[in-house]
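Scroll down for the structure; my scribbles are underneath it.
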Amino acid sequence: MKKRVLAALLIFVMMLSIVCCGMEQKTDKVEITMYLWDKSMTRAFTPWLEAQFPDIDFTFVIGYNSMDYYKDLNERGALPDIITCRRFSLNDAAQMSDMLMDLSETDVVGSFYDTYIENNREPGGAIRWLPMCAEVDGYIANADLFEQYGIPLPTDYAGFAEACRRFDELGLTGYVNDYREDYSCMEALQGCAIPELMTMDGTTWRTEYENETADAPVGLDETVWPVAFEKLEQYLNDTKVRPEDTEMDFQTMKSALLDGKAAIIRGTASDCVTFRADDGMNTVMLPYYGDTAEENWLLTYPTCQVAVNNDLEQDHAKKDAVMQVLEAMFSEEGHRRVAADNAGTQLQ
């Protein structure tokens with residue numbers, strides 16, 4: 001009987017030891033929560049990040065691409081350790097300053113060119129948001145449709161307007177935009193306004209706008225914006241925009257291009273790559289057009305912005321782990337992984 005009791009005790013002690021070891025192994029891992037601006041980040045980026053840091057227990061959550069969402073999370077005491085957000089402006093971000101870590105003195109900031117990082121510096125010198133690899137925005141053209149009808153690909157604004165006119169005469173749409181989306185309307189306006197925004201007056205206005213306060217709001221001025229809106233009006237006329245086009249969404253616009261009903265759409269380099277890789281379409285990226293080929297331009301903006309919860313200042317182990325994660329994210333390979341996710345392509 002004593003032997004049976006002793007054996008049972010030994011088994012119990014062994015089981016308890018195994019459980020305790022398992023618990024110790026679990027608590028040895030630093031737990032980091034990262035909210036993702038879009039589910040696309042789960043294709044190439046997050047699996048790679050987990051492979052780089054086997055000692056970190058990641059929790060990835062598909063969040064909402066909105067500053068208001070994170071402000072609401074903070075009010076409920078649920079702000080994640082690492083935030084990613086694509087919809088970004090310094091004005092909106094300023095309202096979150098108290099809840100985010102100042103990254104200006106970290107090693108990861110040193111990996112950026114000053115030109116890029118200074119755009120996110122607050123008046124007091126803090127940098128709380130870091131821009132992830134650039135996205136390129138412009139026009140996407142079905143090159144085969146141009147060749148089929150003998151219409152040359154545009155090289156300046158006059159050629160763009162002429163192409164739209166000729167396709168319209170053929171019963172096709174020369175250019176279509178997903179105007180139902182607010183960001184497309186803004187990008188169309190910015191695309192028309194870039195020459196004005198790059199002037200001295202335009203630069204001054206942008207600086208004042210990005211640094212406005214509740215006590216000193218900055219509206220549209222009477223120097224830059226009247227000319228920009230005149231160009232937008234011309235653009236809307238030349239591209240044959242109709243009232244019903246305000247209901248055009250991305251999927252409808254995409255179908256028009258894939259079905260050969262539209263020759264050009266507004267889109268990103270990622271969209272262009274996806275059309276070629278997934279749909280087998282001979283698409284080419286075209287710029288926003290100036291009066292001459294030398295005055296053409298492309299809009300560029302970060303794929304997303306990254307910030308860190310200020311509560312990590314109280315947890316040195318987690319803060320150190322997050323800094324290591326940020327260094328990996330902003331490494332060349334990290335940028336490639338995010339870019340691959342955004343383009344819908346797979347990396348080996």
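The values are calculated or read from the model by the stated rules, or taken from the named source; none is laboratory data. Computed from a predicted structure; not experimentally measured. Please note: Cβ atoms are built from the backbone with ideal geometry, for glycine as well, and neighbour counts cover all protein chains shown. Side chains included, ligands, DNA and RNA excluded: accessible areas come from the protein's heavy atoms. Shrake-Rupley method; radii C 1.70, N 1.55, O 1.52, S 1.80 Å.
Only helices enter this figure: runs of n ≥ 4 DSSP H residues, each worth -39500 (n - 2.57), summed and divided by the residues of the chain, yield -14000 deg cm²/dmol at 222 nm to the nearest 500.
Under the convention that each Lys and Arg Cβ holds +1 and each Asp and Glu Cβ holds -1, the size of the dipole of the chain around its Cα centre is about 2100 debye. Relative contact order for the range 196-329: 9 percent, from Cα pairs under 8 Å spaced at least 6 residues apart, divided by residue count. Expressed in units of 2.2 N^0.38 Å, where N is the residue count, the Cα radius of gyration of the range 14-165 is 1.55.
The dipole here belongs to the range 260-332: it is taken about the Cα centre, uses +1 on the Cβ of Lys and Arg and -1 on the Cβ of Asp and Glu, and is about 320 debye.
With the full set of protein chains in place, find how many percent of the accessible area of the chain is carbon and sulfur; take the probe as 1.4 Å. Let's see the in-between values first.
On the way: 9970 of 19130 Å².
Carbon and sulfur atoms account for 52 percent of the accessible area of the chain.
Each of Gly202, Leu170, Met248 was placed along the dipole of the chain (beta-carbon charges, centred on the mean Cα), and the one lying farthest toward the positive end is Met248. Put a plus charge on the Cβ of each Lys and Arg, a minus charge on the Cβ of each Asp and Glu, and nothing anywhere else: the dipole of the range 90-186 about its Cα centre is then about 220 debye. Loop-located chymotrypsin sites (Phe, Trp or Tyr not before Pro) in the range 158-256 (DSSP state not H, G, I, E or B) with no more than 13 neighbouring Cβ atoms inside 10 Å do not occur.
Contact order, relative form, for the chain: 29 percent (alpha carbon pairs under 8 Å, 6 or more residues apart, mean separation divided by residue count).
Restricting the range 33-116 to chymotrypsin sites (Phe, Trp or Tyr not before Pro) that sit in a DSSP loop and have at most 16 other Cβ atoms within 10 Å of their own Cβ leaves Tyr64, Phe112, Tyr113.
How high is the relative contact order of the range 153-260, given as a whole-number percent (alpha carbon pairs under 8 Å, six or more residues apart)? Over the range 153-260, the number comes to 38 percent.
When the C-alpha to C-alpha distance is required to be over 31 Å, the pairs from Lys39/Lys318; Lys39/Lys231; Lys254/Lys319; Lys39/Lys240; Lys39/Lys319; Lys71/Lys254 that qualify are Lys39/Lys231; Lys254/Lys319; Lys39/Lys240; Lys71/Lys254. Annotation: aspartates and glutamates with alpha-carbon distance below 16 angstrom to Lys261 (same-chain offsets under eight excluded): Asp144, Glu147, Asp168, Glu169, Asp178, Asp245, Asp249, Asp279.
Between the listed residues Gly290, Gly280, Val308, the Cα displaced farthest toward the positive end of the dipole of the range 264-322, a dipole computed from Cβ unit charges relative to the Cα centre, is found at Gly280.
For semi-axes √(5λ) of the Cα gyration tensor in Å, the value computed from the atomic coordinates appears in the list (1) 38, 24, 20; (2) 48, 27, 16; (3) 58, 20, 18 under label (2).
Probing with 1.4 Å while keeping every protein chain in the model, the per residue accessible area of the range 159-231 equals 56 Å².
When the range 82-126 is described by a simple charge dipole with +1 on each Lys and Arg Cβ and -1 on each Asp and Glu Cβ, the residue from Ala126, Met99, Cys85 located farthest towards its positive end is Cys85.
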